[in-house]
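Engineer: Here it is, the structure, as structure tokens.
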Amino acid sequence: MMRQGLLASGERISILLGLALTMLMAAPGYYIVRDNERLMLVAGGVAALVVVSALLWQRAASSVRKGTLTALKRLLLWLIAGVAATAIWQLVAGPSAYWYQWLPKGMTIGLLLHALYGWWRPAEQ
């Protein structure tokens, strides 16, 4: 198996974009409770992650770009699974929290599942 280097990895790009999306889903909660400092930190972090992801995408080979699109589709499925599991947990657990409190938690679970799946998945030959 040939190593492609640190910069060229579809999994890394998808995890960076997933982290940006997860951070973005936390922003409404900070806006609702008027926590402007954290809202600005989230906005800066999301902007930095998107810029780094775009630079990695630009430097990636075409085979890595195909792998990135596959990884992004897989990320979307894991994010949906994490949000669904968290929503079901909120329904079962009793006193329900507001959507802006449990949505970032569900996105985080989905992102962690995506990263763990990419780590445990056998390497492509």
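Engineer: With the condition kept exactly as written, say whether any residue in the range 106-117 is in contact with a Gly (Cβ under 6 Å, 6 or more places away or on another chain), among the polar types (S, T, N, Q), surrounded by 13 or more Cβ atoms within 10 Å (Cβ to Cβ) and not in a loop (DSSP other than H, G, I, E, B).
Structural biologist: No, because not a single residue in the range 106-117 is in contact with a Gly (Cβ under 6 Å, 6 or more places away or on another chain), among the polar types (S, T, N, Q), surrounded by 13 or more Cβ atoms within 10 Å (Cβ to Cβ) and not in a loop (DSSP other than H, G, I, E, B).
Engineer: Considering Ala54, Ala26, which residue is closer than 16 Å to Leu111 by Cα and assigned to a helix (DSSP H, G or I)?
Structural biologist: Step by step, each of Ala54, Ala26 is checked, and only Ala26 is closer than 16 Å to Leu111 by Cα and assigned to a helix (DSSP H, G or I).
Engineer: So, one more: Give the residues of the range 34-47 that are surrounded by 13 or more Cβ atoms within 10 Å (Cβ to Cβ) and assigned to a helix (DSSP H, G or I), sorted by residue number.
Structural biologist: Result: Arg38, Leu39, Leu41, Val42, Ala43, Gly45, Val46.
Engineer: Here is a follow-up. Any residue at all in the range 69-92 that's surrounded by fewer than 20 Cβ atoms within 10 Å (Cβ to Cβ), more than 25 Å from Ala27 (Cα to Cα), out of contact with any helix residue (DSSP H, G or I) (no Cβ under 6 Å at 6 or more places or on another chain) and among the charged types (D, E, K, R)?
Structural biologist: No, the range 69-92 has no match at all.
Any read-out appearing in this document is the output of simple, stated calculations on the displayed coordinates, not a laboratory observation. All values derive from a computational prediction rather than experimental measurement. Here Cβ is always computed from backbone atoms with ideal geometry, including for glycine, and neighbour counts include all displayed protein chains.
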